[in-house]
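Everything on this sheet refers to the single structure shown next.
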Amino acid sequence: MTTVAELEAEATHARLLVLRMLRAGGSGHLGGALSCIDVITALYFRVLRTNPADPRWPGRDRFLLSAGHKAMAQYAVLARRGFFDASDLDSYGGLGSAFTGHPDMHKIPGVEANTGALGHGLPIACGMALGLRMDGRGGRVFTILGDGELPEGSNWEGASIAAHHRLDNLVAIVDINDLQISGRTADVMKMEPIADKFAAFGWSTISIDGNNMSQIVAALEQQPAPGQPTAILARTVKAKGLTELEDTAASHYWKPTAAQLLDAEAELHARLDSLGDLTGAHP
Amino acid sequence: MSAVREFVDPRKTLGQAITAIAEHDERIVVLSADSGNSSGFGPFKERYPDRYFEFGIQEHGTTGVASGLATTGRIPVFAAIAAFVTCRNFEAFRNDIAYMGQNVKVVGRNGGMTYSDLGPTHYSLEDYAIMRMLPGVVVLSPQDAGEIRAASRAMLAHDGPVYMRIGGPLIPDLFPEEPFTIGRGQLIRHGDRATVISTGPVTAATIDAVDSLRASGVAAELIGMPTVEPVDRDLIRDSALRTRRVITVEEHYVRGGLSAATAEAIADLGIPLNAIGLPHQHITTGTYPGLTERYGLDADALTRRLGELLS
């Protein structure tokens, strides 16, 4: 089993792959990718039943990124997990590349849904959870929502569906980085108290520091309450890991200069050194 | 006029057809947005309670669920009022079903202006147009009960997204039931003065109109086109090249639907086309026969209009 320390190093390697995509494509949704990348790393390296050699294995758990613009985080972790070669990411943003700003299930092994328009992931995840429950093989579904997408009403359609149909094989992680393109989420559209809202719909809720690997693992490994979907409210920091950009709306979509990229890479390499890099070389 | 016709409920016909097919295909599940019973799926719910899911009045969420279920190998059939499963949920249909290429069947019932007394919020006069704009989506509009049954079988055998529009009021049986091939139209009457192309239940009135004209010496060819997307391009072009005149009839705005699909099919031929359908305005309310008369879609009005066009 991948340890918490190893997961922390993996997440740092994944952050470096996000920078590699920015180097290739020139720009992208950095801030949200780095706020949720710790959760995605824990999912693929510790929680999900998955098989990189057979991405469509029917017995797999499902992960879909409702906040599809954070796709670089998923691409990076999928590459680290062996779904494809990290060098494939060098096509990021290029003409006809599979690796683009929002994920495509028909082009990228391991991607389960074509998200990007916000407010779509939770209803799709509910359908997957219903289908997997009919299969009777214990399949589970995990999805990450951004706090900025919560005003989309379809999320609350999904929230009611999951509770009414007692989808205890469904886990929604809300990546609460408190920022969206126009500023603080509380100023753009106040959705707090988010945990209370999910609880009122009938969900079981867990609140964690979403960049703290120990807390992430504990929450994801908690046994679900029978008959209830689980919402993990993950308080995160936008652009987590790159000190200059952390907690800034400007990091939402980042177009770095060459010098900024070098500085960012240096910071992550220093982080790897401090972690003792338990996971092997950067691919 | 045609012989006495038997009238049947299109929604019951749909529900019975899907329920019968579901007996041999366990992948089929039915989704309801408080719309299952009223779309003819009461018998399905009774017979297959574990394959019938209720979501209450929420079409976007239900469309997303349909997509997710399809990713697990189910074949979801989601039926509700046509306006609400095409307009209300359009982005979910576009992204979660069409773009994701999922094997989901959405049925819009009470299409057109059949909810005559309930008004424009409940009309569906742009559904052909918006659905046929989505790549890979088949759009069906069967013309009578046998065709609803046959189209249901074809829809469920087809691997990919399908939108099917049916009506609400009783409709006459027009044809002997035959296998349905998506993308094929049928030659209903031979003629040389014009090619009249019709889709959906308004084909019944169009047959009557074409037959009335024939009695007065004007023989128009009549093609039934129960697949609006993709239309039967070859059949349309072959007939148009013989008659050199095309007229479309549909209970839909005259923009974007069958008329547009037909125009696109013959655009290079230099053959004139007249579109009969609803004017591009918010349509008034009333009784359904009153509306079809007012907007020129009953047999008498169609007879007059075709006569004018072909005089």
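We did not get these values from a lab; they are worked out from the coordinates using the rules stated. Everything numeric here is computed off the predicted structure, so don't read it as measured data. In this analysis, Cβ positions are derived from the backbone assuming ideal geometry, glycine residues included, and neighbour counts consider all displayed protein chains.
Within 10 Å of the Cβ of each residue in B:50-56, the mean number of Cβ atoms contributed by other protein chains is 3.
Shown in residue order for segment A:141-154 are the 3J(HN,Hα) couplings computed by the Karplus curve 6.51 cos²θ - 1.76 cosθ + 1.60 at θ = phi - 60°: 10, 10, 9, 10, 9, x, 5, x, 8, 4, x, 4, x, 4 Hz (x for Gly and Pro). Short to long, the 5 Å bins of the Cα pair-distance histogram for segment B:14-158 hold 2, 10, 20, 25, 24, 14, 4, 1, 0 percent of all pairs. In this structure, A:Leu95 and B:Met133 have a Cβ-Cβ separation that, at R0 = 25 Å, corresponds to a calculated FRET efficiency of about 0.55.
Kindly state, to the nearest 0.05, the FRET efficiency for B:Ser311 paired with B:Val8, given R0 = 41 Å and r defined as their beta-carbon distance. With a Förster radius of 41 Å, E is 0.70. If a spin label sat at a point 7 angstrom from the Cα of B:Asp50 along the line to its beta carbon, the backbone N atoms of segment B:72-112 nearer than 20 Å would be those of B:72-77. Considering only lysines 8 or more places apart in sequence, or on different chains, count the pairs in chain A whose C-alpha atoms sit under 28 Å apart. Going through chain A pair by pair, I get 14. Peptide packing for A:193-206, A:116-129 was compared via the average number of neighbouring C-beta atoms within 10 Å per residue; ordered from the highest value, the list is A:116-129, A:193-206.
Counting only DSSP beta bridges with both residues in segment B:155-311, the antiparallel share comes to about 20 percent.
Taking every DSSP bridge with both residues inside segment A:4-275, close to 10 percent are antiparallel.
Taking every residue in A:117-123 and counting other chain Cβ atoms within 10 Å of its Cβ, the average works out to 6.
For the Cα trace of the protein assembly as shown, dividing Rg by the Kirkwood Rh returns an Rg/Rh value of 1.06. Residue-wise HN-Hα couplings along segment B:240-246, as the Karplus relation 6.51 cos²θ - 1.76 cosθ + 1.60 with θ = phi - 60° gives them from phi, are 4, 5, 7, 8, 6, 7, 10 Hz; Gly and Pro carry x. Taken over segment B:173-248, the convex hull of the Cα atoms encloses 82 Å³ per residue. Here the protein assembly as shown is treated with +1 on each Lys and Arg Cβ and -1 on each Asp and Glu Cβ, and its dipole about the Cα centre works out to around 700 debye. Across chain A, C-alpha contacts under 8 Å between residues 6 or more apart give a mean separation that, scaled by the residue count, equals a relative contact order of 24 percent. Estimated translational diffusion coefficient (Stokes-Einstein, Kirkwood radius over Cα pairs, 4 °C, 1.567 mPa s) of segment B:71-127: 108 µm² per second. Taking label positions 7 Å along the Cα-Cβ direction at both B:Arg214 and A:Ser27, the computed distance is 6.4 nm, reported to one decimal.
Using the empirical formula 2.2 N^0.38 Å as the baseline, the Cα radius of gyration of chain B reaches a ratio of 0.96. Taking a ≥ b ≥ c as the square roots of the eigenvalues of the Cα gyration tensor, segment A:218-283 is classed as oblate, since a/c reaches at least 1.5 and a/b does not exceed b/c.
Compute the Cα gyration tensor for segment A:91-152, then decide on rounded, prolate or oblate, letting a ≥ b ≥ c be the square roots of its eigenvalues: rounded whenever a/c is under 1.5, prolate when a/b is larger than b/c in the other cases, and oblate in all that remain. Oblate, since a/c reaches 1.5 and b/c is not below a/b.
Spacing of the modelled spin labels on A:Ser87 and A:Leu262, each 7 Å from Cα toward Cβ, amounts to 2.5 nm.
The charge dipole of chain A, taken about the Cα centre with unit charges on the Cβ atoms of Lys, Arg (+1) and Asp, Glu (-1), comes to about 680 debye, rounded to the nearest 20. For segment B:54-98, pairs of C-alpha atoms spaced more than 18 angstrom apart make up 17 percent of the total. For segment B:7-172, the antiparallel share of DSSP beta bridges with both residues in that region comes to about 15%. On the principal axes of its alpha-carbon atoms, segment B:186-310 has extents of 40, 32, 22 Å, going from largest to smallest. Model label points for B:Glu178 and B:Leu269, set 7 angstrom from Cα along the Cα-to-Cβ axis, are 2.0 nm apart.
When you work out D = kT/(6 pi eta Rh) for segment A:4-275 at 10 °C and 1.306 mPa s, using the Kirkwood radius from C-alpha pairs as Rh and the Stokes-Einstein form, the result is 86 µm²/s. Most tightly packed first, judged by the mean number of other beta-carbon atoms within 10 Å of their residues, the peptides B:43-51, A:4-12 read A:4-12, B:43-51.
Taking a ≥ b ≥ c as the square roots of the eigenvalues of the Cα gyration tensor, segment A:56-171 is oblate, since a/c reaches 1.5 or more and a/b is not larger than b/c.
Projecting the Cα positions of A:Ser91, A:Ala249, A:Cys126 onto the charge dipole of segment A:4-275 (unit charges on Cβ atoms of Lys, Arg, Asp and Glu, taken about the Cα centre) puts A:Cys126 furthest along the positive direction. Dipole magnitude for segment B:186-310: about 300 debye, using +1 per Lys or Arg Cβ and -1 per Asp or Glu Cβ, origin at the Cα centre. For B:Lys105, a cut-off of 20 angstrom between C-alpha atoms picks up these lysines, skipping any fewer than 8 places away in its own chain: B:Lys12, B:Lys45. Spatial offset of segment B:107-171 relative to segment B:66-88 amounts to 13 Å, using the alpha carbon center of each.
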